[in-house]
1. State yes or no: is residue 119 on the phi > 0 side of the Ramachandran plot and part of a loop (DSSP other than H, G, I, E, B)?
2. Could you check the range 62-79 and list, in sequence order, the residues that are more than 12 Å from residue 123 (Cβ to Cβ) and in contact (Cβ under 8 Å) with a residue 40 or more places away in the chain?
3. Being more than 18 Å from residue 59 (Cα to Cα), in contact with a Lys or Arg (Cβ under 7 Å, 6 or more places away or on another chain) and assigned to a loop (DSSP other than H, G, I, E, B) is the filter here; which residues of the range 166-191 pass it?
4. Would the range 239-253 turn up any residue that is at pLDDT 95 or above and in contact with a Gly (Cβ under 9 Å, 6 or more places away or on another chain)?
5. Considering only residues of the range 255-303 that are in contact with a Ser or Thr (Cβ under 9 Å, 6 or more places away or on another chain) and assigned to a helix (DSSP H, G or I), which is nearest to residue 316 (Cα to Cα)?
6. Does residue 221 satisfy the criteria of being assigned to a loop (DSSP other than H, G, I, E, B) and among the hydrophobic types (A, V, I, L, M, F, W, C)?
7. Is it fair to say residue 247 is surrounded by fewer than 22 Cβ atoms within 10 Å (Cβ to Cβ), of a type in the set (Ser, Thr, Tyr) and touching a Lys or Arg at 6+ places or on another chain (Cβ under 9 Å)?
8. Could we say that residue 132 is at pLDDT 95 or above, touching a strand residue (DSSP E or B) at 6+ places or on another chain (Cβ under 7 Å) and of a type outside the set (Ser, Thr, Tyr) here?
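The values are calculated or read from the model by the stated rules, or taken from the named source; none is laboratory data. Quick caveat, the model's predicted, so the values are computed rather than measured. In this analysis, Cβ positions are derived from the backbone assuming ideal geometry, glycine residues included, and neighbour counts consider all displayed protein chains.
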Amino acid sequence: MKKYLVVTAASLLAAGAFAQTEPFGTFKRPFAADSPWNIRPIGPVFGAYVLPEGIYKPSVGSGPWSTAAFLAKEDDKPMVVALYPSNGGDTDPDAREKPTSVTIPRWPAATTPATASDGHAEIVDPYTGRVHSFWQLKLVEGQWRAALHAWSPLDGRGWGDPAHYYQGARATGVSTIGGLIRIHEVEDGKPLYEHALAMSMPKEGLSRAPTYVYPATSADAYAERDNSGQIPEGALMMLPPDYQMTYNNPLLQKVVDTLKVYGARVVDRNVGTPFSIYVENGAPFRLWTNNPSADNAMYNEMDHMRKALRQVISANSYVDGNGQPTTADKPGNFNILSMRGPWQVPAGSSKPAPFNTFTQSIEFPSSPAVVEQSNSNGTGVSGGVTWAAPVAGATYKVTAIGSGGARVRVQLWKGGSVVASTGYLSNGQSANVVWPSSGGWTTIWAISAPNQAGSIRATMIKQ
C-alpha cells in the first residue's frame, strides 16, 4: 500500500507554508490576522460525535450554492440596490429593520450572483474598507435587487460582535467570503489554504441547543425546532493530524491538509449533504472527472473524511495568521451596546432619526426642533447574542461618541423601575452603571442639538 506523508502544523511551518504573500485585510487575504478565520489551534482536543450520513454525498466545490467576490475599482460608479424582504425577514438584519434600498459606493461591472435561490455575491471595496454581502441578489429589468444586505470591515474579525451582530449573508451573520477557497489560492503552489474553510451541514448534523457558539452570533431559522445533531453553528471542525488519504488527488489533498491545520467553521445549513465546503465560483477547482471509477473513489474518500471529522472542543492554545499567540478563540471584552432600532418618539413629534449601519450611529439632520427618541426593545444590549449577555452585578462603562452636540443616555431597569442611569453624555463623556442582579433591561435615549446635524453612538464595556 502506498504511504502518504502525515502533515502536521510543525512540518508545514518548517516547509515555509505560512510565509505571507498578501497582507491581511485585503481582497486576496480578507480580515485581520487574529480573525477567527485566520487563527489555528495548537494541540486541539476533539469531540466524539461522528457526522451522520446524508441524502447526498459530501461536497467540496463551487457552483450555484457557492459565491464569488468582486473587487471594486476606484472609478466604479455607485449602485442603488432595491431591497425586498423574503418571507417577512429583515433586509438589514444589523438594524433589525427593512430599508427599501442600499447604495453601494462602487459597483464592479463584473458582479454576478450565484444562480441558486441564495443568490450570494460579495463586493469588496478597499476604498471604504468594507465587504458588502448579499442574499438573493439578482438583476431584474435593469434594476439590481436583493432580499438582504449586510457588511463587514475588510480588516476586521470577519465575524459579528454583540453591537454589530450581523455582518454577512450567511446564517451565522458572516460574509460568504469568509473561509471561501478563493480563485487565486487553488493553484498558488502552497500545500494548504492559509485560513479556516467555510462548511455547511444539514439539520441532521446541527445541534438544537446551543444552535450556535462563539464566534457565530446567529443561526439558521427554526434551528431549535428542526436540528437533531450535535454540532452548533460557529463550531470549528478538523481532521485529526494522523488522517491519511487513501485516494491520491492533489486538489482534495490540499483541502485535507488545511482541515488538519486550520479546520473549517460551520457557517450555514444545507439540505442533506453531510458536509459541504465552499469554493469560489470561477476557481480552477474540479474534483469530478466523469469517470465512474475515479469519481466513486473520490466519494469514498470524502465519506472517510466525514467519519473522521470532529468538533474541536478545546485546544492548548491558538496562534494568529502571523504565528503569534492569540486569545481570539474566546469571546473578548466586546462593546455590547448597539444603537439599532426601532426607535420611538413622543406622540405628535417628528419621526425618529435613523440608524446608519455604516457608522453604527443615530444620525440627526439639522433642524430647529430638538428630537429626543428612545429605544426599549431589548435589541440595544448584546443584540441577543447568547455568549455576550450582560453579567449580573458587573460594572459597565458607557462612553458616548458623537458630533454636532448630539447626546446619549442609557437607563438600566429591573422590573418597572430604573436602577441606574448614565444621564445624558456628550462626545467623549463616560459613566459607569452596574447591571441588575436579575431581570435587567435597558432604555437607550438619543437627543439632538438644535440647528445642527449630529450623530451619536455609545459603547458599553465590562470593567
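1. yes
2. Scanning the range 62-79 gives 62, 63, 64, 65, 66, 74.
3. 171, 191
4. yes
5. Per the criteria, the residue is 261.
6. yes
7. No; evaluated as a whole, the condition is false for this residue.
8. Taking the combined requirement at face value, the residue satisfies it.
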